[in-house]
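Encoded as structure tokens, the structure appears first; notes follow it.
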């Protein structure tokens with residue numbers, strides 16, 4: 001194992017998640033806000049408004065689940081936060097920097113360098129091996145353009161990438177092509193790619209949605225280890241209420257683009273969440 | 001309601017009804033085809049008169065020339081033809097990559113200006129290779145260098161278009177994932193788009209090479225080097241047995257090239 005995630009001896013930082021007596025993640029006092037989104041509006045075309053005056057704050061060390069029914073705006077919100085989608089109105093501050101609406105610029109790239117993003121469909125380059133895909137996680141770093149393939153990547157980056165794969169239990173699959181991996185394995189490679197740069201904020205969009213229950217649980221446990229280690233703040237979307245209750249310290253519920261719930265997970269039951277899916 | 005009523009009301013017609021404008025265009029197109037055939041297509045009389053002359057020519061071409069000195073010279077010319085095709089394709093493919101990137105919508109770093117590069121690629125493609133060969137022979141001089149330049153330009157026109165289309169169709173998931181890491185557009189091209197489109201690009205490159213081999217044979221006819229120059233000389237001097245040997249050699253070379261390209265294509269995944 002390595003220093004990317006080490007579940008054996010998690011350093012507890014302010015706001016980091018720890019397990020309570022029933023196995024759910026409980027929250028220690030949270031740190032400073034690293035994400036502040038105020039009054040976000042986003043529409044697709046003239047008729048479809050997906051986000052309506054959304055406010056969201058995430059503090060260092062939290063594990064925040066963003067839940068809601070299909071079409072509630074979860075994925076759109078995550079993509080807006082890192083400038084992959086342009087918001088219509090509002091302000092987003094990430095790590096103290098303003099996210100530009102046009103999704104361009106060196107400042108935005110600097111913000112993204114501190115963020116890891118895991119997509120629902122994992123977004124791996126299917127013809128490349130797992131190790132190359134993890135090496136890609138360092139592409140955004142200045143001077144790391146050789147990280148396009150593990151064969152030419154600097155030795156330090158190769159070592160870190162292999163350590164990240166080891167951390168998600170896939171060291172033996174390092175040279176397997178991405179299109180030869182199972183859905184769960186591919187998702188864990190995507191997590192390793194996000195972790196290889198040790199992001200301050202790890203964002204995951206429905207990381208378990210396209211997986212069978214066992215693989216989905218495995219992936220969520222990987223996230224839980226990350227949250228417990230306190231190395232990254234976690235923000236993930238899910239429509240699985242059990243995942244949200246079990247793996248998050250705070251749950252934010254979206255309903256038709258509006259924040260309809262924001263509470264510590266430890267204070268919530270399944271019945272408190274069901275109205276979000278009605 | 002009877003079964004007959006249902007059929008009369010619900011069964012659609014076999015052919016879509018043409019609008020007056022579409023009908024007029026169809027009639028004009030048919031007239032154009034008929035006028036072209038009537039004007040320049042061979043008449044049965046001319047074909048009948050030409051067949052004996054064709055048979056006579058083939059008779060004078062046989063048996064093919066087998067003089068060792070001639071075969072050795074032809075072998076060198078065949079190698080030169082291959083060299084023209086391979087050098088032209090290699091340089092053309094390398095130059096096609098940046099051109100295709102600039103011309104690919106949704107991928108290009110130049111935004112709306114992609115149409116300029118698409119137009120450039122279309123221009124290179126629409127001018128026939130023989131015309132490019134005449135231009136390069138006139139500007140650079142007779143010989144294989146003019147042939148290589150012609151193949152380079154032809155390959156950029158061909159590969160530039162298909163590489164750009166492959167880049168536009170590349171899987172957007174990995175591109176978005178790498179953009180989220182803060183990767184530059186160039187890094188996304190190198191790390192996600194090129195690996196994803198590599199099989200398509202290799203296929204296109206092999207087609208371009210086949211095309212280049214055929215083109216480099218013909219380019220010699222206008223003085224751009226290769227075996228075509230030998231063929232032109234043989235016909236000009238009425239050395240028909242030599243011409244037949246050259247034609248057979250070209251046939252073998254082109255078939256061999258297509259066979260090898262097909263085998264390589266089957267291995268790419």
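Among residues of the stretch B:39-67 that are touching a residue at least 24 places away in the same chain (Cβ under 8 Å), those with a Cβ under 8 angstrom from a residue that is assigned to a loop (DSSP other than H, G, I, E, B), sequence gap 6+ or separate chain, pair up as B:65/B:239.
A single entry from B:190, B:183 fulfils the requirement of being out of contact with any strand residue (DSSP E or B) (no Cβ under 7 Å at 6 or more places or on another chain), within 14 Å of another protein chain (Cβ to nearest Cβ), in a helix (DSSP H, G or I) and without any contact (Cβ under 8 Å) to a residue 40 or more places away in the chain: B:190.
Residues in the stretch A:245-272 that are closer than 24 Å to residue A:80 by Cα and in contact with a helix residue (DSSP H, G or I) (Cβ under 7 Å, 6 or more places away or on another chain): A:247, A:248, A:249, A:250, A:251, A:253, A:254, A:255, A:260, A:261.
Within the stretch B:25-47, does at least one residue satisfy the condition of being surrounded by 12 or more Cβ atoms within 10 Å (Cβ to Cβ) and at negative phi? Yes; the residues of the stretch B:25-47 include at least one that is surrounded by 12 or more Cβ atoms within 10 Å (Cβ to Cβ) and at negative phi. For residue B:140, state whether it is more than 9 Å from chain A (Cβ to nearest Cβ) and surrounded by fewer than 17 Cβ atoms within 10 Å (Cβ to Cβ). When the stated conditions are applied, residue B:140 passes them.
Of the strands (runs of 3 or more DSSP E) lying entirely inside the stretch A:41-120, those carrying at least 3 residues that are more than 14 Å from chain B (Cβ to nearest Cβ) are A:48-59, A:63-67, A:89-94. Note on the stretch A:123-137: residues that are within 9 Å of chain B (Cβ to nearest Cβ) and either at pLDDT below 90 or part of a strand (DSSP E or B) (or both) amount to 0. Inspection of the stretch B:140-154 identifies at least one residue that is within 29 Å of residue B:231 (Cβ to Cβ), touching a helix residue (DSSP H, G or I) at 6+ places or on another chain (Cβ under 8 Å) and free of Cβ contacts under 8 Å to residues at least 24 places away in the same chain. Taking the condition out of contact with any helix residue (DSSP H, G or I) (no Cβ under 7 Å at 6 or more places or on another chain) and either surrounded by fewer than 19 Cβ atoms within 10 Å (Cβ to Cβ) or within 21 Å of residue A:222 (Cα to Cα) (or both), does residue A:163 pass? Yes. Under the condition of being in a helix (DSSP H, G or I) and within 8 Å of chain A (Cβ to nearest Cβ), the residues counted in the stretch B:155-174 number 2. Answer with yes or no whether residue B:151 is in a helix (DSSP H, G or I) and closer than 13 Å to residue B:205 by Cα. Judged against the criteria, residue B:151 is a match. Just one residue in the set B:122, B:108, B:96 is under 30 Å from residue B:203 (Cβ atoms) and outside any helix (DSSP H, G or I); that residue is B:108. Are any of the residues in the stretch A:142-150 in contact with a strand residue (DSSP E or B) (Cβ under 8 Å, 6 or more places away or on another chain) and closer than 30 Å to residue A:261 by Cα? Looking for residues that are in contact with a strand residue (DSSP E or B) (Cβ under 8 Å, 6 or more places away or on another chain) and closer than 30 Å to residue A:261 by Cα, one finds none in the stretch A:142-150, hence no. Could you please let me know if residue A:199 is part of a loop (DSSP other than H, G, I, E, B), in contact with a helix residue (DSSP H, G or I) (Cβ under 9 Å, 6 or more places away or on another chain) and within 11 Å of another protein chain (Cβ to nearest Cβ)? The answer is yes for residue A:199.
The set of residues in the stretch A:139-152 that are more than 7 Å from chain B (Cβ to nearest Cβ) and surrounded by fewer than 24 Cβ atoms within 10 Å (Cβ to Cβ) comprises A:141, A:142, A:143, A:144, A:146, A:149, A:150, A:151, A:152. Set side by side, the residues B:231, B:221, B:178, B:209 differ, and just one is in a helix (DSSP H, G or I), modelled with pLDDT under 90 and either at positive phi or buried (at least 21 other Cβ atoms within 10 Å of the Cβ) (or both), which is B:231.
Examine the stretch A:162-185 for a residue that is within 12 Å of chain B (Cβ to nearest Cβ) and farther than 28 Å from residue A:208 by Cβ, and state whether such a residue exists. No, because not a single residue in the stretch A:162-185 is within 12 Å of chain B (Cβ to nearest Cβ) and farther than 28 Å from residue A:208 by Cβ. Could you tell me whether residue B:74 is surrounded by 11 or more Cβ atoms within 10 Å (Cβ to Cβ) and over 30 Å from residue B:121 (Cβ atoms)? It is true that residue B:74 is surrounded by 11 or more Cβ atoms within 10 Å (Cβ to Cβ) and over 30 Å from residue B:121 (Cβ atoms).
The values are calculated or read from the model by the stated rules, or taken from the named source; none is laboratory data. Remember, predicted model here, so these are calculated numbers, not experimental data. In this analysis, Cβ positions are derived from the backbone assuming ideal geometry, glycine residues included, and neighbour counts consider all displayed protein chains.
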